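Only the coordinates and a few stated rules stand behind these numbers; no lab work does. The structure displayed is predicted, hence computed values, not measured ones. Neighbour counts are summed over all protein chains in view; Cβ atoms, including those assigned to glycine, are modelled from backbone coordinates with ideal geometry.
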Amino acid sequence: MSAIEQRKVQRELLQPFTQEDLEWRVQASGEFNGKVWARIIAYVTNRAIQQRLDDVVGMMNWKNEFLPLPNSVGNGAMCGISIKFGDEWITKFDGADNTNIESTKGGLSGSMKRAAVQWGIGRYLYEVKAHYAECIDEQTYRSLKRHERDAYEKAKTKIGKVFYWKAPPLNTKYLPKKHLGIETYKTIKKLIKETGSKEDDICSKYGVDDLKDLYVDEAGDLTTKLLKIKNRQQEERDADTRAK
């Protein structure tokens, strides 16, 4: 696999997931002034990780394996995710302790999620700060219509008080990126022509086959760089004119 193809793989593995591919868990909860609160964090599901690998490298070009954690570390599992690059398999490992609920399954699941992060899958979620969920008590929950209840999860505080919570929508910066629009595409094509830049080199750098495949943030970055080149070239021309 060429360096360009590797950049394409890396680019796609790093892409954010949809909100539907994420799950939330309560990190901490309590009660203040008679109201329950819950701090929650997001994580990507193993199903979504598997689908991402299938989509990016193909079902036959990745595999996983599990090993027990060293005794000196604790009870849990290590997961290695391997991706085939050309004729070579490259493996990245990480591990996780067994969990309190479904301990073995939890350890396997957790280790695979951590191994996926080693490949950049879902790594951006470490940048997502903990959110505070919308919490309601049991009486309020029971007053909701059936379809409204579906949005809530059940939980308990440390002292055993039952409450229901739902996650807020994620900031758009942590959701799948959109491709550039036609006007931005035309602007970039014009700047490339004006600056004498090479389109193939630009596509290679960003890991795309065509400029139309750029995401909005990548297009913004490229536009800024091309404008700087254009301005520098104009300054050089002006300096040459004054020197004559």
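Brief remarks on what is shown
- The stretch 90-147-the stretch 193-244 distance, computed between alpha-carbon centres (Å): 42 Å
- Extension gain, R149 to Q118: 0.36 nm times the residue separation minus the Cα-Cα distance gives 7.5 nm.
- Nearest 10 degrees, 0 to 90: helix 103-118 Cα axis against the chain principal axis: 10 degrees
- An oblate overall shape is assigned to the stretch 1-129, the ratio a/c of its alpha-carbon gyration tensor axes (a ≥ b ≥ c) being 1.5 or greater and a/b not exceeding b/c.
- Helix 182-195 axis, angle to the chain major axis (alpha carbon atoms, nearest 10°): 40 degrees
- With a threshold of 20 Å on the Cα-Cα distance, the over-threshold entries among K198/K225; K190/K228; K173/K230; K178/K212; K189/K225; K8/K205 are K173/K230.
- Among I81, I202, A133 - extreme Cα towards positive end, dipole of the chain, charges at beta-carbon: A133
- Computed FRET value (nearest 0.05) for Q27 with Q50, which takes r as the C-beta separation and R₀ as 22 Å: 0.30
- Residues Y174, Y132, Y126, Y164 arranged by fewest to most Cβ contacts within 10 Å: Y126, Y132, Y174, Y164
- For W37, nonlocal amide neighbours, meaning residues 5 or more places apart or on other chains whose placed amide H falls under 5 Å from its own, are G30, E31, F32.
- Gain in span if fully extended, R242 to A130, counting 0.36 nm per residue against the direct Cα distance: 34.5 nm
- Here the chain is described by how far its Cα atoms reach on the three principal axes: 84, 48, 33 Å, from widest to narrowest.
- GluC sites (Glu not before Pro) lying in DSSP loop within the stretch 73-182, provided at most 12 other Cβ fall within 10 Å: E102
- Furthest towards positive pole of dipole, A28, S143, A38, structure part the stretch 3-174, Cβ charges: S143
- For the stretch 3-174, size of Cβ-based charge dipole, Lys and Arg +1, Asp and Glu -1, in debye: 460 debye
- Shape analysis of the stretch 93-237 places it in the prolate category; the axes a ≥ b ≥ c from the Cα gyration tensor give an a/c of at least 1.5, with a/b above b/c.
- Helix 46-57 and the longest principal axis of the C-alpha atoms of the chain enclose an angle of approximately 20°.
- Projecting the Cα atoms of V216, T241, L191 onto the charge dipole of the stretch 182-243, computed from C-beta unit charges around the Cα centre, puts T241 farthest toward the positive end.
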